[in-house]
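To start, the structure under review is shown below, and the notes come after it.
The values are calculated or read from the model by the stated rules, or taken from the named source; none is laboratory data. A quick note: this is a predicted structure, and the numbers were derived from the prediction, not measured. Cβ sites come from the backbone with ideal geometry, for glycine too, and all protein chains shown count toward neighbours. Protein only, heavy atoms only, side chains kept; ligands, DNA and RNA dropped before computing areas. Shrake-Rupley method; radii C 1.70, N 1.55, O 1.52, S 1.80 Å.
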Amino acid sequence: MLNSAHFLLLFFYITKYKIMKKVMLFIPCLLFSVLQAQEDQNISAEKMNIVKTNVTAYAFRNINLSYERAFNQWLSLNIGFGTMPEGKVPFINAFLKDKDEKRFENLRVKATNFTIEPRFYIGKGYGKGFYFAPYYRYSDVSSNTFDFYYDYNGPDGNTYQIPLKGQGNTKGNSGGLMVGVQFFLTRSQNLVLDFWIAGAHYGSGKGDFTMTSDYVLTSDMQSQLKKEIENLDIPFVKYTVETNANGAKIKVDGPWAGFRSGLSLGYRF
């Protein structure tokens with residue numbers, strides 16, 4: 001049988017073991033809480049929101065604004081909206097020959113786009129450094145009622161200028177990938193420069209454009225009109241042409257592609 005001294009000694013060791021066990025369990029929990037609190041403090045110390053505008057897009061009359069929200073050091077979400085007021089097609093002479101450009105002298109277009117892109121930062125993060133961004137873009141392009149003409153070579157050997165009126169719109173959905181780098185320019189890290197190094201997207205577009213004439217077009221007139229429109233060879237867009245006695249219908253239904261590059265300035269808060 002245990003005497004009182006043995007009992008007290010056993011009780012002491014059991015109590016000590018229980019206390020040490022609780023301390024050993026408590027210390028990791030305490031360390032985890034401290035580290036988590038420090039991490040939360042570091043995140044809360046960061047400015048997680050950025051409002052920006054792509055200044056180079058204004059050369060294309062594209063009025064735009066984007067908002068970026070950082071979730072942690074390596075992940076953020078950027079949402080952008082742009083609109084181009086009605087006006088001439090920017091740099092139309094880059095993809096149309098001079099004679100074809102003259103046929104669209106009073107063509108005016110307007111457009112809107114919406115882009116959503118998660119950004120994955122490598123390096124310092126929280127919106128700073130190099131990133132790659134898969135993205136989705138929605139585009140909507142429409143035109144005014146514009147004049148168009150083509151030269152019809154008649155069976156009598158003479159050339160006749162046939163006038164038409166055109167109008168229409170098209171919408172595109174595409175996905176792509178962009179690579180860029182973002183800098184904080186001031187000591188307070190409020191002023192932001194976002195350099196879109198290169199981006200490209202690909203998807204599908206659908207739309208309809210109609211061209212109507214006051215003349216009743218013969219089958220030969222329709223055939224020549226179809227060839228004239230097909231030979232415009234507008235880049236990055238696939239379209240088909242159908243003609244009738246009243247004019248032509250142009251159906252956009254196929255690939256839709258585009259490129260992105262530019263410089264954005266923003267404010268971080």
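Numbers for the structure displayed
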item: Label-point separation, residue 101 to residue 77 (7 Å along Cα→Cβ), nm; result: 4.3 nm
item: Computed accessible area, residue 230, all protein chains, 1.4 angstrom probe, square angstrom; result: 90 Å²
item: Surrounding net charge for residue 124, when Lys and Arg each add one and Asp and Glu each subtract one, Cβ distance under 14 Å; result: +3
item: Neighbourhood net charge (13 Å Cβ-Cβ; Lys/Arg +1, Asp/Glu -1) for residue 243; result: 0
item: Eligible aspartates and glutamates near residue 165 by straight Cα distance, threshold 12 Å, same-chain separation 8 or greater; result: 147, 214
item: Low-density loop positions, trypsin sites (Lys or Arg not before Pro), the stretch 176-263 - DSSP coil, at most 12 other Cβ in 10 Å; result: 187
item: For a label point 7 Å along the Cα-to-beta-carbon line of residue 45, residues of the stretch 67-111 with backbone N under 20 Å; result: 70-75
item: The stretch 58-110: chymotrypsin sites (Phe, Trp or Tyr not before Pro) falling in loop per DSSP and having at most 14 other Cβ within 10 Å; result: 71, 91, 95
item: Which listed pairs, of 47/110; 52/206; 97/226, have C-alpha distances above 27 Å, in listed order; result: 47/110; 52/206
item: Distance histogram for the stretch 46-268 (every C-alpha pair counted, 10 angstrom bins, percent rounded to whole numbers); result: 8, 28, 26, 17, 12, 6, 2, 0
item: For the stretch 159-258, the Rg and Dmax computed from alpha carbons only, in angstrom; result: 21.4, 72
item: Spatial separation of Cα centroids for the stretch 82-118 and the stretch 209-244, in angstrom; result: 20 Å
item: Local electrostatic count at residue 145 - Lys and Arg +1, Asp and Glu -1, tallied over other residues with Cβ under 11 Å; result: +1
